[in-house]
Every structure is written in structure tokens, then in C-alpha cells.
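The structure appears below as C-alpha cells.
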Amino acid sequence: MAEYQTLKLNSDFRRAYGRGKSAAGPALVTYALRTGKGSVRVGITTGKKLGNAVTRNRIRRCMREDV
């Protein structure tokens, strides 16, 4: 499996919106952006329907753990 890094900055997410790939589900959206070095940058966003910030951050941590 390819090495990956997480997207953290707003500018990184905006770049992924324009040039990357996305996959949407009912609870979250995942963005992926290839780098020139052969690695992949991955970002996960969750909506407010899932709960408060603590709950959303826990969901994102669990998703990154599985990757």
C-alpha cells in the first residue's frame, strides 16, 4: 500500500478540491491528492449531523487508524 500523509491545512484541502479525488458517504467525505514523490495525501471531513466536535474528531481518528 502507498505511503500516505494527512491533509491538515485549509489550503491543502482547497488544493484537493480542485486537483484531487473525492469519495462521499452519508457520514463523511474523503479527499485524496497524489504528490510528485509517489505518496498520497488524504483528508477526511465530517458533517455536523454526526455530533459535536469531540465525536467528529473521534470518528476521523478511527478512520485514519484503519487506513
Sequence order, the range 12-26: Karplus ³J(HN,Hα) from phi using 6.51 cos²θ - 1.76 cosθ + 1.60, θ = phi - 60°, Hz rounded, Gly and Pro as x, gives 5, 5, 5, 5, 5, 4, x, 10, x, 10, 9, 9, 10, x, x
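Quick check: at a probe of 1.4 Å, how many percent of the accessible area of the chain sits on carbon and sulfur atoms?
Numbers: 2640 of 5200 Å².
Of all accessible area on the chain, carbon and sulfur atoms account for 51 percent.
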Which of the trypsin sites (Lys or Arg not before Pro) across the chain are loop residues per DSSP, with 15 or fewer other Cβ within 10 Å? Lys8, Lys37
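Would you mind working out the accessible area per residue for the range 1-59, using a 1.4 Å probe, and quoting it in Å²? Each step should come with its number before you reach the end.
On the way: 4440 Å² over 59 residues.
Solvent-accessible surface per residue comes out at 75 Å².
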Lys/Arg +1, Asp/Glu -1 at C-beta; the chain dipole; positive extreme among Gly18, Gln5, Val40: Gly18
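The values are calculated or read from the model by the stated rules, or taken from the named source; none is laboratory data. Quick caveat, the model's predicted, so the values are computed rather than measured. Neighbour counts are summed over all protein chains in view; Cβ atoms, including those assigned to glycine, are modelled from backbone coordinates with ideal geometry. Ligands, DNA and RNA are excluded from the accessible area calculation, which covers all protein heavy atoms including side chains. Shrake-Rupley method; radii C 1.70, N 1.55, O 1.52, S 1.80 Å.
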